[in-house]
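Below is one structure, written out as structure tokens; comments come after it.
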Amino acid sequence: MIVGLLKIHIHLHGMGSLKDKRRIVKSAIGRLRSRFNFSVSEVEAHDSKELAVIGLAVVSNDSTFVNKQLDTVVNFVQADGRFYVGQIDREIFPSGF
């Protein structure tokens, strides 16, 4: 089993409140879940109006598939014009139970 993880830092400018930020972040998370069927959540910077950190995970038995899926997600997030994508951390590792 291969596990792929992404941690994406997104920067939001001009947010008047945490409610405005959460509306955009929740929308982005929903779009990612419905389009890619990944596990997705806001994982850090919950109290910041200008920064959100989204974590994603995908599991497969093929590392090539995992890499392609992660690349597709990165491109999808970068194409969203509502925020600037900053640091992206990627980790792929085999997991045995």
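FYI, it's all coordinate maths here, none of it is from the lab. Because the structure is a prediction, the values reported are computed rather than measured.
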What value does segment 46-97 have for Rg/Rh, both radii from Cα atoms and Rh as Kirkwood defines it? 1.04
Under 8 Å for C-alpha pairs, at least 6 residues apart: give me the relative contact order for the chain, rounded to a whole percent. 49 percent
Over segment 2-92, with a single point scatterer placed on each C-alpha, what log10 of the ratio I(q)/I(0) does the Debye formula yield at q = 0.14 1/Å? -0.46
Which one, S17, S63, S41, has the greatest fluctuation when you compute a Gaussian network model over the chain with C-alpha springs under 10 angstrom? S17
Hey, what do the phi angles of segment 49-62 turn into as Karplus ³J(HN,Hα) couplings, whole Hz, using 6.51/-1.76/1.60 and θ = phi - 60°, x for Gly and Pro? 7, 10, 9, 9, 10, 10, x, 10, 9, 9, 10, 7, 9, 10
Expected output is a single nm value to one decimal: the length gained when fully extending between E91 and F76, i.e. 0.36 nm times separation in residues minus the C-alpha distance. What is it? 3.6 nm
HN-Hα couplings for segment 25-38 via Karplus (6.51, -1.76, 1.60; θ = phi - 60°), in whole Hz with x for Gly/Pro, come out as 5, 4, 5, 5, 5, x, 5, 5, 4, 6, 7, 10, 6, 9
